[in-house]
Amino acid sequence: MRVALWFLGLFGVAVLLALFVSSNEGTITVFWRPHRVDLSLNMVVVLLGLLFLLVHLALKALDALFSLPGQARSWRVRHQEQAMHATLLEALSHFVAGRFLRARKAALEVLAREAALSGLGEGGAAAVRLRVMSFLLAAESSQALQDKTARDAHLQQALAQSASPGALGVREGLLLRAVRWALEDHDAAAAQDWFGQLPSGVARRTLALRLRLKLARLTRQPGLALDTARLLVKHRAFTEVSGRGLVRALALENIQDARDTEQLQRVWHRLESTEQTMPEVACLAAERFLLLGGEQATALAWLLPVWERMLTVPDGLMPSQKISLVQVLETAFDSTVDSVWLARIEQAQMAQPGDAVLQYLAGVACLHLALWGKAQQLIKQALPRLHDHRLAARAWMMLADLAQRQGDAEHAAAAWQQAAQLALKQDD
């Protein structure tokens, strides 16, 4: 459609020119003493058009002639920029390939080329960012080479350049790298100093939270480490399994660091509900609380959700977790057996008569209630099916104690011998 319109326009112009030229009888006379020149108006129009074209071409030729030095300068600058970018790519290639010495050399060459361009007044708007990234690449290479002096020098130069308006946002990355380097050097003071310079918004980023977690663990601040790990899990920085494992490990570390019952209770109340129901966490907290002289009722209350989970959820606890729970309950029953818990244990044992671990626990409860005959019967029935050496050794020790109470020295000696053999296997 557009081509057809062009043709119609051209035909219209041609028709107008033909009508004008064919009916134009005007003449122009030029007097140049002693000569006289008569020209038709059509000829004059053509000559004027040719003269305009000639002047236009002459001006373009002069402009091209005078612009040759500028074009040569632009070509040289463009060539230098291409060489500089190629060198920067070479530096990055060497760095990712592990050739750190070559990477640092190439990064310094980029800086030299950029300085030469800046001397010509052709730095450009991205020159500052280019300098900062080149210094950072040189610092990274120096860190890989364990050249801390050169690393710090390049870092300071990059930080100085990042203060320019053209490098907004780059300084945050430099500070994060400085924190990581300090952590790699196990320099907690330097890492804290660099981390303190981060803006509040940057400190909430996932990368910054990862660094804060490492810093908290390096400075042995398990509470801060646990809070940071929770944030990372919410940000989905870890897989579900690894995140849960990390939180569990930090919760256990917080419990282990408690030095008295009050501190342990504060740690327990800071834990989230999902963390309190983790079998390893609840068992360790209850065991340590009893070890520090805490009340039995509090420890048993911490264990209750894990106990209910074991009974209500099929395969809710792994065998090792179940054994840990039984061992902590056994420790808690050393002073006295709570009647409510005794009813729970009896109901669980009757509901699952084939469970040797529950049968063992019921025997322990009867032993502490001075029900010697029933305790001996339950422990003897559970002993052949106990696959854990620690529980089996404890069972033989209790049978030996019961035999001694009954005056049966021969059976007591045999039970002590079995307990000793299992203890040796456990040590192996």
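The values are calculated or read from the model by the stated rules, or taken from the named source; none is laboratory data. No experiment lies behind these values; they were computed from the predicted model shown. All Cβ positions, glycine included, derive from the backbone under ideal geometry; neighbour counts span all protein chains shown. Side chains are part of the model used for accessible areas, which takes the heavy atoms of the whole protein and leaves out ligands, DNA and RNA. Shrake-Rupley method; radii C 1.70, N 1.55, O 1.52, S 1.80 Å.
Values for this structure:
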| read-out | value |
| --- | --- |
| The chain - accessible surface per residue (Å², probe 1.4 Å) | 59 Å² |
| Within the accessible area of the stretch 210-334 (1.4 Å probe), percent carbon and sulfur | 52 percent |
| The chain: relative contact order as a whole-number percent, Cα under 8 Å and 6+ apart | 5 percent |
| Given charges at Cβ of Lys, Arg, Asp, Glu: the chain dipole, positive-most of 310, 424, 393 | 310 |
| FRET efficiency, residue 411 to residue 390 (Cβ-Cβ, R0 30 Å, nearest 0.05) | 0.85 |
| Taking all pairs of distinct alpha-carbon atoms in the stretch 99-251, Kirkwood radius in angstrom | 17.0 Å |
| Scattering profile of the chain at q = 0.10, 0.12, 0.13, 0.14 Å⁻¹ [log10 I(q)/I(0), Debye over alpha-carbon scatterers] | -0.89, -1.04, -1.13, -1.22 |
| Degrees separating the helix 261-270 axis from the principal Cα axis of the chain, which is the longest one | 40 degrees |
| Rounded to whole Hz, the Karplus (6.51, -1.76, 1.60) HN-Hα couplings of the stretch 177-193, x for glycine and proline | 5, 5, 4, 4, 5, 5, 5, 5, 7, 6, 9, 5, 5, 5, 5, 5, 5 |
| Segment residue 340-residue 146, extension gain: residue separation times 0.36 nm, minus the distance between their alpha carbons | 63.5 nm |
| Space enclosed by the convex hull of the alpha-carbon atoms of the stretch 211-299, per residue, Å³ | 83 Å³ |
| Only Lys, Arg (+1) and Asp, Glu (-1) charged, at Cβ; the chain dipole about Cα centre in debye | 1880 debye |
| Net lengthening on full extension, residue 350/residue 32 (0.36 nm per residue, minus Cα-Cα) | 100.7 nm |
| Net lengthening on full extension, residue 71/residue 262 (0.36 nm per residue, minus Cα-Cα) | 60.7 nm |
| Listed residues 57, 176, 137, most fluctuating in the chain (Gaussian network, C-alpha, under 10 Å) | 57 |
